[in-house]
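What follows is one structure encoded as structure tokens, with my remarks underneath.
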Amino acid sequence: MKTTIEVKDHSVSGELFRLEYDAKLHMYTTSPKPSKESLPSYYASEDYISHTDGKRSLFEKMYQVVKGITLSRKQKLLHSYLPQKGSLLDIGAGTGDFLEYAAAKGWTASGVEPSEKARSLAKQKNVTLIEELPETSSGYDAITMWHVLEHVYDLKTQIRWIKNNLSREGVLFVAVPNFESYDASYYKTDWAAYDVPRHLYHFSKKSIELLFEEQNMSVRAIHPMKFDAYYVSLLSEKYKTGKMKFLNAFWNGWRSNQKARKTRAYSSLIYVIKHQ
């Protein structure tokens, strides 16, 4: 295991950052960590796709199609663990698509989103957005973080808040990239899911288990996000070669998913977490 990896911010600044290995938690952290004041500038790009509903290019059109498919799958996953719909908080709600979908399916859904640009798009969908994470007495029945935990500024504070505000029988759903996947090992420093410095933390299955165990929470199930291998491979091809090589990306995404059938080390994973 490399203790330090040097990775470039391909999306915005072109700056170099280090990934520093934490042996205790089996994860990497991004260094230097931008200040809270400077961090929003690293999201200031028209190409930051999770903060847009754009369909300007073939890539964006494909992303929006896949997003529609994954919304349905996320809802089915929630229903399999929580058949009785109740209160739901989506942390890092982006442009509000999941909130809109969950509310239409009967959830009492609200969300938090720090990006002003994404919030403005979400508000057009008539979803419930709150300014900051609230303290609740009864707790939420479901809390979701779809590719958000890697972005939060203070990781352990965020996990403590979740523990204190998830109801006793509630379920937390966390989706994050997995640096132990085949596509990560293939693309190495060009692996798009490192996405420094927007991704401040880089997780393995072990690190997620250990981080939540510290708060007396446990991982009850892990589900793959198979589309992510293709999406990440496509961006990684662009970072590696300067071009979006669709055939190469499809091949490497397919190989990653095939290898993960034995290892379960998919490009991204959804963790289903509850109180112990």
(message) Take the conditions aliphatic (A, V, I, L, M), in contact with a strand residue (DSSP E or B) (Cβ under 8 Å, 6 or more places away or on another chain), under 28 Å from residue 39 (Cα atoms) and not in a loop (DSSP other than H, G, I, E, B) and apply them to residue 109. Does it pass?
(response) yes
(message) What's the total number of residues in region 146-166 that are closer than 23 Å to residue 103 by Cα, of a type in the set (A, V, I, L, M, F, W, C) and surrounded by fewer than 22 Cβ atoms within 10 Å (Cβ to Cβ)?
(response) 1
(request) Determine which single condition residue 170 fails, assuming it passes every other condition in (1) over 25 Å from residue 135 (Cβ atoms); (2) touching a residue at least 60 places away in the same chain (Cβ under 8 Å). (result) (1)
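Listed here are the residues, each with its yes/no results for (1) among the polar types (S, T, N, Q); (2) assigned to a helix (DSSP H, G or I); (3) touching a residue at least 12 places away in the same chain (Cβ under 8 Å); (4) in contact with a Pro (Cβ under 9 Å, 6 or more places away or on another chain).
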| position | (1), (2), (3), (4) |
| --- | --- |
| 239 | no, yes, yes, no |
| 248 | yes, yes, yes, no |
| 252 | yes, yes, yes, no |
| 265 | no, no, yes, no |
| 271 | no, no, yes, no |
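Inspect all residues belonging to region 217-235 and state whether any of them is without any contact (Cβ under 8 Å) to a residue 40 or more places away in the chain and of a type in the set (S, T, N, Q).
Among the residues of region 217-235, not one is without any contact (Cβ under 8 Å) to a residue 40 or more places away in the chain and of a type in the set (S, T, N, Q), which makes the answer no.
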(message) Looking only at region 126-137, how many residues end up being at pLDDT 90 or above and either buried (at least 17 other Cβ atoms within 10 Å of the Cβ) or within 23 Å of residue 72 (Cα to Cα) (or both)?
(response) 3
(message) So, residue 219, is that one surrounded by fewer than 21 Cβ atoms within 10 Å (Cβ to Cβ), at pLDDT 95 or above and in contact with a Lys or Arg (Cβ under 6 Å, 6 or more places away or on another chain) or not?
(response) no
(message) Take the residues in region 109-154 that are under 30 Å from residue 31 (Cα atoms) and of a type in the set (S, T, N, Q); name whichever of them is nearest to the chain's Cα centre (by Cα).
(response) 144
(message) Exactly one of these conditions fails for residue 210: (1) at pLDDT below 95; (2) within 28 Å of residue 36 (Cβ to Cβ). Give me its number.
(response) (1)
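The values are calculated or read from the model by the stated rules, or taken from the named source; none is laboratory data. Since this is a predicted model, take the numbers as computed values, not measurements. Quick reminder, even Gly has a Cβ in these numbers, built from the backbone with ideal geometry, and neighbours come from all protein chains shown.
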